[in-house]
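The values are calculated or read from the model by the stated rules, or taken from the named source; none is laboratory data. Quantities reported herein were computed from a predicted structural model and do not represent experimental measurements. Note that each Cβ is placed from the backbone with ideal geometry, even for glycine, and that neighbours are counted across all protein chains shown. Protein only, heavy atoms only, side chains kept; ligands, DNA and RNA dropped before computing areas. Shrake-Rupley method; radii C 1.70, N 1.55, O 1.52, S 1.80 Å.
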Amino acid sequence: MINVGKWITKHKNIILLITVILLVPAVIGYITTRVNYDVLSYLPKSLETVEGQDIMVDEFGMGAFSMIVVDDMTMKEAAELEKQVEAIDHVSDVLWYDDVLDTNVPKEMLPAEIRDAFFHGDATMMIAFFEETTSADTTMDAIEEIRSTVAKNAYASGMSGVVTDIKNLALEEMPIYVLVAAVLCLVVLLITMDSLVAPLIFLLTIGLSILFNLGSNIFLGEISYITQALAAVLQLAVTMDYSIFLLESYEANKERFPGDKKRAMAHAVSNTFKSVSSSSVTTIAGFVALCFMTFKLGMDIGIVMSKGVIIGVLMCVTVLPAMILTFDKAIEKTTHKPLIPSLNKVSDFIIRFRYIALTLFVIILVPAIHGNNNYEIYYNLDTSLPKDIPSAIANEKLKENFDMSSLHMVLLEDGLTAKEKNGMLQEIKKVDGVKWVIGMDSLFGPNLPDTLIPEDVRSMLKTDNYELQFVCSDYASATDESNKQIHAIDKIVKGYQEEGMVIGEAPLMKDLSDVTNVDLENVNIISMAAIFLIILITFKSISIPVILVAIIEFAIACNMAVPFYTNTSLPFVASIVIGTIQLGATVDYAILMTSRYQKERVIQKRSKKDAIRIAHQTSIKSILTSGFCFFAATFGVSLYSRIDMIGSICTLLSRGSIISMVVVIGILPAMLWIFDGVIIHTSWDMIKEKVGHRDREHRNITIEEH
């Protein structure tokens, strides 16, 4: 690897030129990669609710809908508004009162159930159907145009509106995420490092690697808005260590090879690659574990972030050395005395009072596990958004005027008789929380021939192969009441027709909770197993991976217990990804200290006390720098973001980095002290060294006897 380092130092200008050239395709890739703002679209395609959505598009030419609530409009004005909405591109149709009766006919002539569905006091409701799915660009464009078309007293609600608002918020906030993370990281680096220029070079290099990562996402076709929002912040947080390590190695090698900076950098590149490549494996493993989720958002985050770490490593050993050599004089001129004093006394204090740390560990363990197992999770996507956005206001209007929280659809294959359909609908009406059911038969009566039903209405509700029914629910999506209701309705539908489906926003969210509950357990097991195996191979020890994984899992439990004790609900995505990301990203703190402990114990043959003391003193500053950089990169985003799906993840990551940092610095030395004997007897290198030591003693005794 030293020869590679020499080549890099010799051709630093070529490397920088290639980097600048590669910026062009990276920017093009970044701009042309589509962003998906609908997390429900990542549900498995095999789910019945997802299949039903596809059937809706294929059979009815509509993949999404929006309830439009209109206040204080005359019948004539409402009819005119309906025509305006129908004329908007990608709106396939609008269902309203005039599809059943002429607007000149008093609404009182409608059946009570139908009247209650479309009217309440001075408010009326119409349902707009879109040609494509909820998250399609055309659907979001149509929502925007509807909002600009309808009057001030008309509101477009539904999941399509929620997704559109997520898009608008994300586009507005994402540039600020990167800026805030970069500025706060810069502050941490300026405090913890002894150079003013080096932190700027670090941020520039990592910024380039982030751009290359985001640009290379073009091969995926599209990425989630959550992935895009977190990618830059997480890549900055987890790869900053690599840059710091390279510079520290370079400075050490300059003393080793005075006057030969290129040789010093070549050795620094070699040392960094060996250290960083092994260190990054645990981080990559944490992200790769997300790829095993049934909910494909995990794979989206996992692929992008794993790729980002790999790109970060490559940039650290190619572009960053070239940048440091280019600006070496500026780095030297702006070097100052360290702002952080020696931490040896702090280290001695922690080791001296190690049993207090262990006592705190035992005391906190039980409540941490209890809190970790019982925090509340929510699945309703609009809960994660501000209450003053258009979709939230519209949904509140829908609830206020029509006492309606969600709308399910029953999709039936052709074949049921009118009597069977009527019997099914009557049973559905009796389910708790069902307000009304609307279908062809309820609108026009079961005995009216299809030929006498207006074509535009018939095409909305029936095709040659399928028929559609609408079920209005009092219950909000993703609640226990809604899930029980959907289960009851689905049981009724299946009783009449096995192929019948209950689809829509609430059924999708029910499936979301079912799928992600399984994913949460599986991902944590996979990430722990993978990282355990990596540490086992790295240290050639059975006990060390148990200790290190247990330490970080304790930190994770403490982190996840906070929402329970503060009565804070977490979005489902945060609960799934946080454990594996915190484990993969912060177990490196423990690995750093344990590696030095093992080196001192085995190679230098230090006593237990000296090995732990040296390991702690030499790693504490690096762990603090790394932990605070991780904290800085995520904390600012957690404060700024108005999208709770992103803000909660960053809150957990920022808090988790501090907790992991404190646990490793405070508790790991005590663990190494107590389990030193176990480690020696279960670590191959230590056993081998111990056996070798006994052999040498035996030979010495034999020689003396002779």
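Figures for the structure shown
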{"quantity": "Heavy atoms of R613: accessible area, 1.4 Å probe, square angstrom to 10", "calculated": "80"}
{"quantity": "Bridge type composition, the chain - antiparallel percent by DSSP, nearest 5", "calculated": "85"}
{"quantity": "Computed accessible area, E77, all protein chains, 1.4 angstrom probe, square angstrom", "calculated": "100"}
{"quantity": "Filtered trypsin sites (Lys or Arg not before Pro), region 1-99: DSSP coil and at most 15 other beta carbons within 10 Å", "calculated": "K45"}
{"quantity": "Sum of side-chain charges, A529 neighbourhood, beta-carbon under 13 Å (Lys, Arg +1; Asp, Glu -1)", "calculated": "-2"}
{"quantity": "Gain on full stretching of the segment that runs from E108 to L179 - 0.36 nm per residue minus C-alpha separation", "calculated": "19.7 nm"}
{"quantity": "Alpha-carbon centroid distance for the pair region 174-196 / region 108-167, whole angstrom", "calculated": "44"}
{"quantity": "Pairwise centroid distance, computed over Cα atoms, of region 367-386 with region 552-625, Å", "calculated": "24"}
{"quantity": "Leading residue at positive end of dipole, the chain (Cβ point charges), from I591, F287, I350", "calculated": "I350"}
{"quantity": "Accessible-area order (highest first, 1.4 angstrom probe) of the listed residues L339, L211, L169", "calculated": "L339, L211, L169"}
{"quantity": "Cα-based Rg / Dmax (Å) for region 138-256", "calculated": "20.8, 75"}
{"quantity": "Cα convex hull of region 1-91, projected area averaged across orientations, nm²", "calculated": "13.0"}
{"quantity": "DSSP H segments from the chain that extend 20 Å or more along their own axis, Cα-based, with Kyte-Doolittle mean of -0.5 or above", "calculated": "12-32, 159-192, 198-215, 225-256, 261-290, 297-317, 354-374, 505-539, 543-565, 572-602, 608-640, 644-666"}
{"quantity": "Spin-label pair E255/D194, simplified geometry with 7 Å Cα→Cβ offset, distance in nm", "calculated": "0.8"}
{"quantity": "At q = 0.10, 0.21, 0.24 Å⁻¹, base-10 log of I(q)/I(0) for region 285-388 (Debye sum, equal scatterers on each alpha carbon)", "calculated": "-0.79, -1.06, -1.19"}
{"quantity": "When each of K152/K399; K397/K421; K429/K494; K337/K599; K262/K329 is checked by Cα-Cα distance, pairs over 20 Å", "calculated": "K397/K421; K337/K599"}
{"quantity": "Order by protection proxy (mean Cβ within 10 Å, highest first), peptides 529-538, 346-355", "calculated": "529-538, 346-355"}
{"quantity": "FRET efficiency, K329 to N168 (Cβ-Cβ, R0 41 Å, nearest 0.05)", "calculated": "0.30"}
{"quantity": "Separation of the Y640 and S148 label points, Cα + 7 Å toward Cβ, nm", "calculated": "2.8"}
{"quantity": "At 1.002 mPa s and 20 °C, Stokes D of region 487-533 from Kirkwood alpha-carbon radius, µm² per second", "calculated": "165"}
{"quantity": "Where only C-alpha atoms are counted, convex hull volume of the chain per residue in Å³", "calculated": "184"}
